[in-house]
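K.L.:
Dumping the structure here so I can ask a few things about it.
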Amino acid sequence: MYQTTINKKIDCSGIGLHSGKLIDLKLMPADEDTGVVFRVHRPDGIRQIKPNPYAVSATGLATTLSVDGASVSTVEHLLAALRGLEIDNIIIEIRGGEVPIMDGSAASFVLLLKSAGIRRQKSPRKVAKIIRPVSIEQEGKWIKAAPYNGLRINYTIDFTHPAIGVQNMDIEVTPQSFMNRLAKARTFGFLKEVEYLNKSGLALGGSLDNAVVLDDYSVLNQDGLRFPDEFVRHKILDFIGDMAVLGLPLEGYFDVRCSGHGLNNAFLRRLEENRELYMDVVTARLSEAPYPSDSLEIAPELIGQAV
Ligand SMILES: [Zn+2]
C-alpha cells in the first residue's frame with residue numbers, strides 16, 4: 001500500500017465543544033512522510049503539533065494534545081476518520097484551540113475528506129504492528145492487544161444505565177466498515193454531567209445537536225439513536241482516534257473492556273515506552289491496486305450529516 005493524502009484543501013467551520021464558539025478548520029494535502037500535523041493559530045503565530053502519546057495533556061471531556069504551550073482539543077473523531085479512511089498525510093489548521101464537534105460523530109469529517117478526494121502518493125505506507133501480547137488493566141477495565149494482520153477491535157461496554165447496559169461489537173476495521181458501521185455513531189453524555197459541566201463553564205458547546213444525552217432512564221434526543229448499539233460503536237470510534245495519536249497506523253487485535261480516553265492513552269504510552277518489545281514498524285508491500293476507498297460508496301445514511 002502507498003501513502004495517501006487528500007486531493008485539495010477543504011475549509012469548514014463548526015461549534016467547539018469546550019468553548020461553544022465557532023471554530024474554523026482547514027484540511028490541506030501534505031507531502032509524503034508528513035503524517036498528521038495540526039497547525040494551531042495563537043496570538044503569537046502558528047504552532048505545529050504532531051500527535052504522539054506524550055503530547056496528550058488532558059483526557060477528561062475529550063483528548064487534548066499540547067506541545068510547547070499550544071493545545072488542540074477534541075482531536076479523536078477527526079483522527080478516527082483519518083485512520084478509518086487510511087489517510088496518512090494531512091495538515092489540519094485550526095483557529096480556536098479545538099476541532100469542531102460537528103454532530104458528535106465522525107460522519108462530517110468522512111464526508112469532507114471523501115469530497116476532497118483521497119490521492120495515492122509515491123512512497124509505501126509504514127504501519128506499526130503489535131508483535132506480542134500486551135495489555136493494561138485498571139479496576140475491571142482493560143485493553144489487551146495481540147498480533148493480527150489488520151486492525152480488529154472487540155469492544156465491550158457495561159453501564160448500569162437502563163438505556164445502555166452491556167454492549168459488544170467485534171469489528172474488522174477497514175475503510176468500508178468504518179464508514180458504514182462506525183463513522184455515524186455519536187458521542188454520549190448524561191444530563192446530570194452536562195448540567196454540572198455547564199455550571200463550571202465547561203462543555204459550553206455540548207447540546208442535543210452534537211451528543212446523545214441521557215437522563216436517569218432514557219435517551220432525550222427526539223429522534224432517538226442511530227443504531228441500537230450506538231454507544232459501543234462510538235467507543236470504538238474513540239478508540240481508533242486515540243490509537244491514531246501513536247503517529248502511525250497501529251495493527252493488531254484489541255480486546256477492550258470499558259476503556260476511555262485516559263486508559264487509551266496509558267496503553268499507548270506503555271507501547272511507546274517499550275516500542276521494540278511490542279511493535280514492529282513495517283513498510284507495507286506495494287501494490288498497484290487503486291486506493292480502496294476510491295471506489296467506496298458513502299453509506300446513504302451519512303449523506304446529510306455534513307455541515
Ligand atoms: Zn468521542
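K.L.:
Only loop residues by DSSP count here, and only those with at most 15 other Cβ atoms within 10 Å; note down the chymotrypsin sites (Phe, Trp or Tyr not before Pro) in segment 167-274 that meet that. Walk me through the numbers on the way to the answer.
P.N.:
Details: sites: Phe178, Phe188, Phe190, Tyr196, Tyr217, Phe231, Phe239, Tyr253, Phe254, Phe267; in loops: Tyr217.
Those satisfying the criteria are Tyr217.
K.L.:
What's the longest bit of the chain with no exposed GluC sites (Glu not before Pro), using DSSP loop states and at most 15 other Cβ atoms within 10 Å as the test?
P.N.:
That gives 140-287 as the longest site-free run.
K.L.:
Follow-up. Say the cut-off is 21 Å between C-alpha atoms; which of Lys9/Lys235; Lys144/Lys235; Lys50/Lys114; Lys50/Lys144; Lys9/Lys114; Lys114/Lys184 go over it?
P.N.:
Lys9/Lys235; Lys50/Lys114; Lys50/Lys144
K.L.:
Taking a ≥ b ≥ c as the square roots of the Cα gyration tensor eigenvalues, with a/c under 1.5 meaning rounded and otherwise prolate when a/b beats b/c, else oblate, which class fits segment 85-186?
P.N.:
Verdict is oblate for segment 85-186.
K.L.:
I've got another one for you. What does the extension gain come out to for Tyr217 and Tyr196, with contour length at 0.36 nm per residue minus their alpha carbon separation? Don't jump to the answer; show the numbers that get you there.
P.N.:
Working: separation 21, 0.36 × 21 = 7.56 nm, distance 1.82 nm.
Fully extending the segment from Tyr217 to Tyr196 adds 5.7 nm.
K.L.:
On to the next question. Size of the dipole of the chain about the Cα centre, Lys and Arg at +1 and Asp and Glu at -1 on the beta carbon, nothing else charged, in debye to 20?
P.N.:
620 debye
K.L.:
Please list 3J(HN,Hα) in residue order for segment 155-165, calculated via the Karplus relation 6.51 cos²θ - 1.76 cosθ + 1.60 where θ = phi - 60°; whole Hz, with x for glycine and proline.
P.N.:
Values per residue, Gly and Pro as x: 10, 10, 10, 9, 10, 6, 4, x, 8, 10, x Hz.
K.L.:
From the P(r) of segment 2-289, could you give the percentage of C-alpha pairs in the tail past 31 Å?
P.N.:
23 percent
K.L.:
Mind putting a number on the dipole of segment 54-149 about its Cα centre? Charges go on the C-beta only, +1 for Lys and Arg and -1 for Asp and Glu, and I need it in Debye to the nearest 20.
P.N.:
The calculated dipole for segment 54-149 is roughly 660 debye.
Every number here is computed from the coordinates shown, using simple stated rules; none is lab data. All values reported here derive from a predicted model rather than from experimental measurement. Reconstructed Cβ throughout: ideal geometry from the backbone, glycine too, with neighbour counts over all protein chains shown.
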